[in-house]
Amino acid sequence: MESAVRAIAEPRRRAILRLVRDRELSAGEIASHFDVTRPAVSQPLTVLREAGLLAERRAGTRRFYRARPEGLEGLRDFLDEFWAGGLERLRLAAELDQQRKRARA
């Protein structure tokens, strides 16, 4: 989970993940979306791949990337704990509010 958090902390890496969320793109196609050279995109791709957030496929000399949503599962599970707890607290607060209203009526 820590490597995923570090990987998505940088805006360009998040933008890359958005680009390859629904489709596979070559490194050159990814680079064309930024005002940097193809080699400059190599480092963010490596960070994302090493964090388990990108899958890489080689075809000859070309490299293709696609998102690996399962790489974010640990982070999603961690955040879900807070969300689920918050929903439970909200439900309890609403029930308590209803009980108070009934008691006053």
Counting only residues that are farther than 26 Å from GLU2 by Cβ and either open to solvent by 50 Å² or more (accessible area, probe 1.4 Å) or not β-branched (Val, Ile, Thr) (or both), how many does segment 35-54 have?
-> 4
Those residues that are open to solvent by 80 Å² or more (accessible area, probe 1.4 Å) and free of Cβ contacts under 8 Å to residues at least 40 places away in the same chain, I need them from segment 12-21; list them, please.
-> ARG12, ARG14, ARG18
Quick check: anything in segment 75-94 touching a strand residue (DSSP E or B) at 6+ places or on another chain (Cβ under 6 Å) and either modelled with pLDDT under 85 or part of a helix (DSSP H, G or I) (or both)?
-> no
Complete set of residues in segment 1-21 that are farther than 12 Å from LEU54 by Cα and not β-branched (Val, Ile, Thr) | MET1, GLU2, SER3, ARG6, ALA9, GLU10, PRO11, ARG12, ALA15
Return the total of residues in segment 61-74 being more than 14 Å from ARG21 (Cα to Cα) and either surrounded by 12 or more Cβ atoms within 10 Å (Cβ to Cβ) or modelled with pLDDT of 95 or more (or both).
-> 3
So is ARG6 touching a strand residue (DSSP E or B) at 6+ places or on another chain (Cβ under 7 Å), in contact (Cβ under 8 Å) with a residue 12 or more places away in the chain and open to solvent by 80 Å² or more (accessible area, probe 1.4 Å) or not?
-> no
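The values are calculated or read from the model by the stated rules, or taken from the named source; none is laboratory data. A quick note: this is a predicted structure, and the numbers were derived from the prediction, not measured. For neighbour counting, all protein chains shown are included, and Cβ atoms are generated from backbone atoms with ideal geometry for every residue, glycine included. Note: accessible area is taken over every heavy atom of the protein model, side chains too, but ligands, DNA and RNA are not part of it. Shrake-Rupley method; radii C 1.70, N 1.55, O 1.52, S 1.80 Å.
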